[in-house]
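Just so it is clear, none of the values below were taken in a lab; they were calculated from the coordinates. On a predicted model such as this, the values are computed, not experimentally measured, just so you know. When we count neighbours, we look across all protein chains shown, and the Cβ atoms used for this are built from the backbone with ideal geometry, even at glycine.
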Amino acid sequence: MRAEVALPILVPLLFGALSLIAWRSNLMQRVLGIIGSVTLLICSIWLLMSVLDQGHVVMYMGGWMAPYGITLVADLLSAIMVVLTGMMAVAIAIYSLSSASPSHEKFGYYPLMHLLLAGVAGSFLTGDIFNLYVWFEVMLIASFALLILGGERAQMEGAIKYVTLNLLSSAIFLSAIGLLYGLVGTLNMADIAVKLSQTEHTGLVDVIAVMFMIAFGIKAAAFPLFFWLPASYHTGPVAVSALFAGLLTKVGVYALFRVFTLIFNQSPEFTHQLLLWGAAFTMLTGVLGAAAQFEFRRILSFHIVSQIGYMLLGLALFTPLALVGGVFYIMHHIIVKTNLFLISGIVHRLLGTYDLKQLGGVYKDRPYLSILFLIPALSLAGLPPLSGFFAKFIIIRAGIEAEAWVVTAIALIVGLLTLYSMIKIWAEVFWKPLPENHSTVDSNPSTKPSSLAFLYIPVVLLGACTLFIGLNGQPIYEIAEASAKQLLNPALYIEAVLGETP
Amino acid sequence: MMKPGTLILHVAARFLVPLQLVFSIFLLLRGHNEPGGGFIAGLVASGAFALYLFTFGAAVTRDLMRVDPRNLIGIGLLIAMISALPAWFHGQAFLTSQWWPILLPGGTEIKLSTPLFFDIGVYVTVLGSVMTMLVALTETEER
C-alpha cells in the first residue's frame, strides 16, 4: 500500500497532537513546528516523485473500496499543491521562530498551524466531495482561531467578515453537495463524473455547477464576493497572513480546477464562460482596489484577489495551454505572495508600522532587504526573467490563441496596474526618505540580528525559488504541462480511482 | 455561577459523579456496533466532571481530575492518530480496522481493535476540550 498519499495529512495531525501535549513549553512547540513542517515537505516531495513516476496514487482509507469509502487521490496537480504546502509550512515555521509572540504561542499558535496544514493537504488530496467539505471546515476552523490570535479590535472586525462569508460559502457548498447526491447518488468525485456524464443533461446540473462556482469562488476570493479577504487578511499576525495569502485562497482555486475539469465539463460554453467573466472582473476589481490603498498588507491582499483572476482565467479558457498557465500561475503565486507578506513583516519589525506614508528609507539602511523585496514584487508584476513573467506570458498567449480579446486585454492592463502598485510600495517604503516625525524603533530589542536572521532565511529561500522558476522554468513548465494534460483527460483520474475504464 | 455548598447538590454530586463516569465507560465500550461511542461517552464523562465543578469549584475539580484537561486534548488526539497506523504495518490502507481477539479463561472473548482505541482517543479529547472550556470559564468567574 502506498502510504505517501496519506502522509501529508497524517504528519501535520500527528505533530499538531504532539505540540498540543507540549503546550507548556514554547521551545518544544517550536522544535516540533520545524520538525513537523520539514517532515511534511519531505513526504510531499516523496508524493510528487511517485506521482511523476507512476501516475495517480490512490488509497482507499480504511480498506473501503471506491465508490463506497473515502478515497485519497493524488494526481499531479494535487501533488504539486501539496509540495507547495510543504514549502510554505517550512518557511512559516522558520519565520515564526522570531515572529510569533509568546502570548500567541500560549494560545495554541503551533497546534492550529499544524491543523491548518492538515486541512489544506486534506483538501488537495481527497477524492470525495463530502470529504472535501470536511477538510474545508477543518481548515476554516483553524484559520478562524489563528486570525483572532491576540484579540485586537481590528482583528475581530476582520474575522467577523471572514467567518460570515466563509460560513455562507460552506452552506452553499453543502447544499450543492446535497443536490448533487440527490442527482447521482454518490459522493466519490470520480464516480460522480461517470454518473453525471450518463444522466441526461438538465438545467439542474447547471444550477449545481453554478452553486459550486459560487461556493468555491467565495473561498478563492473571486468577484463579486471577495471583499472579506482585504478586510481580514491584514489583521492577523504577519506569519498567519502570509500563510493564508499563500495557501487558503488557492485551496478554493484548486477546488474550482478539480470540479470544473473532472465533474462539470459537459457544458463549458455556459459554465466556463461564466468563469471567464468572473475571472476578468476579479482581476480588475482587485487591482483597482489595491491602487487606492496605502497600507502595506492591504495592498498585497487586494493583489491576491487580482491574481486569483489570472488563475481562474487559465481554467476558464479551458484550452491545454491555458490550463498549463493556470497551474504555473498557482505555483508561482503561492511562493511570491507568501514572500511579499513575510517581507512586509520584516519592514514592520524594523519600522513599527504598515502605513506606507509613515514608512521610508529602507533602501538606504538595508539595501539587501530592498533587493529581496524587488524579486517577488517584480515577479508579481510579471517582469522578465522572473517567474511571474512566464506565468502571465503563458496565460496571455493562451488567451490570444483562444481569441478571447477582451479578457486578454484586461489581463494585460491588470499586469501594468500591478506594476504600478509594486512601484508604489517600492517608492514609498524603500526609496523615499524616512518621514521626519517618524521615530525609528531600531533600538527595539526584538530587532537584534539573531532574531532578524530567522525572518530573513525564509525570505531568501522563497526569493531563490522565484528566481529558480524564472531562470530555469523548463522543468516547472513540463510538470505544469503534464498536470494540465491529466486535468483535460479526466478518464485517467476516473480509471485510477474506480479501477476500470468507464 | 451557582453558589457552591448547597446540601442537596453536594450529596447528589457525590453519588452521581461516579455513576455517570461508569455509565460513560459503558457507553464507550458499547459503541462499535450499538448506539454509544467515544464522542457521546466523552460528553457524559464531562457532564459528570461539570457537575462536580459546579458543586465544589474549579480547584477541587482540578485535583479530582489529576490531569490538566488541556493535556487530555493532546493525549486523546495522539491516541486516535496512532490507531490509524497499525494497518500500515500490515500493508493495508490507513485506518483499516485491526482486530485482536483475546480469549479469556471461562470462554468470554474480548475483542481489542483499532476502532476501540480510536474511540478512546475521541473520548479523551472530548472530555479534555469540554473541561478545558468549563474550567477556564469557572476560573475567570471565581477570580
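Worth pointing out:
- Exercise: per-residue mean of other protein chain Cβ atoms within 10 Å, A:138-151: 0
- For the peptides A:75-83, A:45-53, A:106-114, residues were scored by their other Cβ atoms within 10 Å and the scores averaged per peptide; the highest-first order is A:75-83, A:106-114, A:45-53.
- Residue ranges A:89-101, A:400-412 sort as A:89-101, A:400-412 when ordered by packing (mean number of other C-beta atoms within 10 Å per residue, highest first).
- Rounded to the nearest 500, the helix-only mean residue ellipticity at 222 nm of chain A stands at -25000 deg cm²/dmol, with each DSSP H run of n ≥ 4 adding -39,500 (n - 2.57).
- Shielding by partners for peptide B:67-78, expressed as the average number of C-beta atoms from other protein chains within 10 Å of each residue's C-beta, is 4.
- Cross-link table A:Lys250/A:Lys364; A:Lys195/A:Lys485; A:Lys161/A:Lys432, entries beyond 24 Å C-alpha to C-alpha: A:Lys250/A:Lys364; A:Lys161/A:Lys432
- Only Cα pairs under 8 Å and 6+ residues apart enter the sum, and on that basis the relative contact order of chain A stands at 16 percent.
- Computed from the Cβ-Cβ distance with R0 of 45 Å, the FRET efficiency linking B:Arg62 to A:Met65 stands at 0.40.
- Highest mean packing comes first when the peptides A:226-238, A:324-336, A:469-481 are listed by Cβ atoms within 10 Å, giving A:324-336, A:226-238, A:469-481.
- Reported to the nearest whole Å, the Cα centre-to-centre distance from the range A:103-151 to the range A:297-324 is 24.
- Rough spin-label spacing in nm, given labels placed 7 Å along Cα→Cβ, for B:Glu34 and B:Val22: 1.7 nm
- Charging the Cβ of each Asp and Glu at -1 and of each Lys and Arg at +1, and nothing else, the dipole of the protein assembly as shown about its Cα centre rounds to 1380 debye.
- Shielding by partners for peptide A:9-15, expressed as the average number of C-beta atoms from other protein chains within 10 Å of each residue's C-beta, is 3.
- Shape of the protein assembly as shown, Cα gyration tensor, a/c cut at 1.5: oblate
- Using only side-chain charges placed at the Cβ, +1 for Lys and Arg and -1 for Asp and Glu, the dipole size of the range B:7-142 relative to its Cα centre rounds to 200 debye.
- Top of B:Leu112, B:Leu29, B:Leu21 by mean-square fluctuation, Gaussian network on chain B, Cα under 10 Å: B:Leu112
- Distance from the alpha carbon centroid of the range A:190-247 to that of the range A:1-57 works out to 26 angstrom.
- The distance from the alpha carbon centre of the range A:451-496 to that of the range B:26-72 is 47 Å, rounded to a whole number.
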